[in-house]
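Participant: Dumping the structure here so I can ask a few things about it.
The values are calculated or read from the model by the stated rules, or taken from the named source; none is laboratory data. Quantities reported herein were computed from a predicted structural model and do not represent experimental measurements. For neighbour counting, all protein chains shown are included, and Cβ atoms are generated from backbone atoms with ideal geometry for every residue, glycine included.
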Amino acid sequence: MSAPSAAQRTHTTAPHDPGLSRRTLGVPAITLMIIAASAPLTVVAGGVTTSFAVTESLGVPLGFLLIAVILTVFAVGYTAMGRHVTNAGAFYAYISQGLSRPLGVGASLIALVSYNAMQVGIYGLFGFQLSMFLEAKLGVATPWWVWILLCIVVVGVLGVNRVDLSAKVLGVLVGLEFLVVIVFDVVSFTAAPEGVSTAALDPAALFGPALGIILVFGVAAFMGFEGAAIYGEEAKDPKRTVPRATYAAIAIIGIFYAFSAWAFSVGVGPSAIVGASQEFGPDLMFVFMTEQTGVIFSDIMTLLFLTSLFASLQAFHNAVARYFFSLGREGVLPAWFARTSRAGAPWAGSVAQTAIALVVVVAFILGGEVFGGAAGLGESAFLFPVLTMFTWLTNTGAMGLVLLMAVTAVAVIGYFARNRRGLSVWVTIVAPAISGAALLWVFMMILQNFPLMLGQTEPDATTFLLPGLVFAAAAIGIIWALVMRSRSPQQYAQIGHGTEPGAYGTELVDIVEE
């Protein structure tokens, strides 16, 4: 084996740039950050009602369980590969090593587009909800974008600090979210106008014509679950911490969402849940709780809904910052992106993500009237940050991440095809193949139903432009990797392999010792 390159030695010994913090995060911390990205209260209030309203089916609760099963099967190969590939770039590194470096760079740009889209889109909902809440309670009308700009600053400050600080903040917020949703579930079963019905748990309600749509709208609730691998370099024991956190997050999210969606159907009534969801949308949860418990508890839920969005914003910000760090470290992006603080935070990547969020938000602010008209909002233009900014960007981001998971499943097969490392056929071939096929089918369903996800009666330019961003990112990444191969073979060789010991697992440590 050859000695580490000069680039590797320089990066690991530079006193001003210590790299990411090591052995900082345990299973609970990573699990909570994954769940924070999912935003439990937001999913139950918004995702569940939207699914009931659009699908007009009672199969929503079982849909969450089916998605959890698919992702659990995906995690079999995903976490197995993660024991051998520890890299903050996650999907990027897995696809680079399992398929090819050009595809890996293409995947990295899809990841950047998708995570940024998810995060910036959520800003739109956050700003709108906070503005409406303050106007309702204080009588003070404030522009929605003011609160977004302030939130961008707070998220950015947390992003450049130690990752365990973010973990502690998110842990508290997620805990409060779970508490309030559990109270909602208890109240729902107490109300039960049609009794504790199991109509929403009937498999026939899921496995019908609406199956594809249920999965399309349900899978967005799990986006971020793959984030455990992103924190692999900062985990206390990557080989154990990452798999445990991944499986724990999938199980908790899947069971919790399924149970709460069932409770929702019981609380409103199976015969009324679809109509009520279509009438009130995400407000249904708060309308229901106001009727059952009073205004005060409903207001508390609204505040926690806002903190749920904030937790999700922070989680996606952290993911983007680490992708920038990984790509800068390996020469795909300028080396500046790999800068870290003495505390081990990827401050350069964090600043870059903050800048992107600021630019996109300002673009939506300045183009609000134009976009509002293009989206056909008319007199409801005040809903622009939700119906346009949030809807456009989060659905685009979810589509990109589902595609990445499908490709990653194939990469797992490719990685272990060269050396199964003593693992079974189930882990290295069967589970990745099954989950990859299922995720590819969900991705195709998303493409097919994208106008529906955007709330369009007829396709328009955005129907094609938004998915086009994902495919364009992939094409640009592949082309850039080929350019790197021609211009800088040494940097090209680093793609997906990292340039510091933690990114290589035990392999580079062995090289250094030799």
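Participant: Hey, Val48 hits all of (1) in a helix (DSSP H, G or I); (2) at pLDDT below 80 but one; which does it fall short on?
Facilitator: Result: Val48 fails condition (2) only.
Participant: Here's something else I'd like to know. Output the number of residues of the stretch 201-214 satisfying the condition of being surrounded by fewer than 24 Cβ atoms within 10 Å (Cβ to Cβ) and part of a helix (DSSP H, G or I).
Facilitator: If we filter the stretch 201-214 for residues that are surrounded by fewer than 24 Cβ atoms within 10 Å (Cβ to Cβ), which is where we start, we get 201-213.
With part of a helix (DSSP H, G or I) added as a condition, the list becomes 201, 203-206, 211-213.
Residues in the stretch 201-214 being surrounded by fewer than 24 Cβ atoms within 10 Å (Cβ to Cβ) and part of a helix (DSSP H, G or I): 8 in total.
Participant: Which residue pairs have Cβ atoms under 6 Å apart, sit 6 or more places apart or on different chains, and have a first residue in the stretch 195-222 that is in contact (Cβ under 8 Å) with a residue 40 or more places away in the chain and a second that is surrounded by fewer than 17 Cβ atoms within 10 Å (Cβ to Cβ) and not aromatic (Phe, Trp, Tyr)?
Facilitator: Val216/Asn449
Participant: Oh, and also: Quick check on the stretch 404-420. Is at least one of its residues touching a helix residue (DSSP H, G or I) at 6+ places or on another chain (Cβ under 6 Å), modelled with pLDDT under 90 and either among the β-branched types (Val, Ile, Thr) or surrounded by fewer than 24 Cβ atoms within 10 Å (Cβ to Cβ) (or both)?
Facilitator: Yes: the stretch 404-420 contains one or more residues that are touching a helix residue (DSSP H, G or I) at 6+ places or on another chain (Cβ under 6 Å), modelled with pLDDT under 90 and either among the β-branched types (Val, Ile, Thr) or surrounded by fewer than 24 Cβ atoms within 10 Å (Cβ to Cβ) (or both).
Participant: Condition first: surrounded by 11 or more Cβ atoms within 10 Å (Cβ to Cβ) and either at pLDDT below 85 or part of a loop (DSSP other than H, G, I, E, B) (or both). Now tell me which residues in the stretch 138-149 satisfy that. Talk me through it step by step, then tell me what you get.
Facilitator: Within the stretch 138-149, the subset surrounded by 11 or more Cβ atoms within 10 Å (Cβ to Cβ) is 142-149.
Within the stretch 138-149, Thr142, Pro143 meet the criteria.
Participant: Which pairs have Cβ atoms under 9 Å, sit 6 or more apart or on different chains, and link a residue in the stretch 424-438 that is buried (at least 22 other Cβ atoms within 10 Å of the Cβ) to one that is among the basic types (Lys, Arg)?
Facilitator: Every condition considered, the pairs that remain are Thr428/Arg420; Thr428/Arg421.
Participant: Continuing with this model, one more query. Output yes when any residue across the stretch 219-226 is closer than 25 Å to Thr190 by Cβ and among the aromatic types (Phe, Trp, Tyr), and no when none is.
Facilitator: no
Participant: Let me ask another. Could you tell me whether any residue of the stretch 501-510 is at pLDDT below 95, touching a Lys or Arg at 6+ places or on another chain (Cβ under 6 Å), within 26 Å of Asp237 (Cα to Cα) and not aromatic (Phe, Trp, Tyr)? Give the steps one after another, and end with the answer.
Facilitator: Step one: of the stretch 501-510, the residues at pLDDT below 95 are 501-510.
Filter again for touching a Lys or Arg at 6+ places or on another chain (Cβ under 6 Å), leaving none.
Checked the stretch 501-510: no residue is at pLDDT below 95, touching a Lys or Arg at 6+ places or on another chain (Cβ under 6 Å), within 26 Å of Asp237 (Cα to Cα) and not aromatic (Phe, Trp, Tyr).
Participant: So, one more: In this structure, does Ala117 turn out to be part of a helix (DSSP H, G or I) and closer than 24 Å to Met405 by Cβ? Steps first, please.
Facilitator: Numbers: part of a helix (DSSP H, G or I): yes; closer than 24 Å to Met405 by Cβ: yes.
Answer is yes for this residue.
Participant: A further question follows. Looking for something in contact (Cβ under 8 Å) with a residue 40 or more places away in the chain and farther than 20 Å from Glu177 by Cα - is there at least one such residue anywhere in the stretch 252-261? Quick ask: steps written out before the conclusion?
Facilitator: The first filter runs over the stretch 252-261 and keeps only residues in contact (Cβ under 8 Å) with a residue 40 or more places away in the chain, leaving 252-261.
Filter once more, keeping what is farther than 20 Å from Glu177 by Cα: none.
No, that holds for no residue.
Participant: Within the group Asn161, Asn87, which residue is crowded, with 24+ Cβ neighbours inside 10 Å, outside any helix (DSSP H, G or I) and out of contact with any Cys (no Cβ under 9 Å at 6 or more places or on another chain)? Can you show your working first?
Facilitator: Details: Asn161 fails: crowded, with 24+ Cβ neighbours inside 10 Å.
Going through Asn161, Asn87 in turn, just one is crowded, with 24+ Cβ neighbours inside 10 Å, outside any helix (DSSP H, G or I) and out of contact with any Cys (no Cβ under 9 Å at 6 or more places or on another chain): Asn87.
Participant: Does at least one position in the stretch 120-128 carry a residue that is hydroxyl-bearing (Ser, Thr, Tyr), in a helix (DSSP H, G or I) and within 27 Å of Val359 (Cα to Cα)? I'd like the intermediate steps shown before the answer.
Facilitator: Start the filter on the stretch 120-128 by keeping residues that are hydroxyl-bearing (Ser, Thr, Tyr), which leaves 123.
Remaining after also requiring in a helix (DSSP H, G or I): 123.
With within 27 Å of Val359 (Cα to Cα) added as a condition, the list becomes 123.
Yes, because at least one residue in the stretch 120-128 is hydroxyl-bearing (Ser, Thr, Tyr), in a helix (DSSP H, G or I) and within 27 Å of Val359 (Cα to Cα).
Participant: For the stretch 217-240, enumerate the residues that are more than 16 Å from the chain's Cα centre (by Cα), crowded, with 24+ Cβ neighbours inside 10 Å and not in a helix (DSSP H, G or I).
Facilitator: Result: Ala235, single match.
Participant: Specify which of the listed residues (Ile182, Ile152, Ile110) is out of contact with any Cys (no Cβ under 6 Å at 6 or more places or on another chain), in a helix (DSSP H, G or I), closer than 24 Å to Val44 by Cβ and not hydroxyl-bearing (Ser, Thr, Tyr).
Facilitator: On the way: Ile152 fails: closer than 24 Å to Val44 by Cβ; Ile110 fails: closer than 24 Å to Val44 by Cβ.
Testing whether each residue is out of contact with any Cys (no Cβ under 6 Å at 6 or more places or on another chain), in a helix (DSSP H, G or I), closer than 24 Å to Val44 by Cβ and not hydroxyl-bearing (Ser, Thr, Tyr) leaves just Ile182.
Participant: Taking the condition of being surrounded by fewer than 20 Cβ atoms within 10 Å (Cβ to Cβ) and either free of Cβ contacts under 8 Å to residues at least 12 places away in the same chain or closer than 13 Å to Tyr78 by Cα (or both), how many residues in the stretch 241-251 meet it?
Facilitator: Of all residues in the stretch 241-251, those surrounded by fewer than 20 Cβ atoms within 10 Å (Cβ to Cβ) come to 244, 247-248, 251.
Then drop every residue that is not either free of Cβ contacts under 8 Å to residues at least 12 places away in the same chain or closer than 13 Å to Tyr78 by Cα (or both), which leaves 244, 247.
Number of matching residues: 2.
Participant: Which of the numbered conditions does Tyr231 fail, given that it passes all the others? Conditions: (1) in contact with a Gly (Cβ under 9 Å, 6 or more places away or on another chain); (2) among the hydroxyl-bearing types (Ser, Thr, Tyr); (3) under 19 Å from Ser38 (Cα atoms).
Facilitator: (1)
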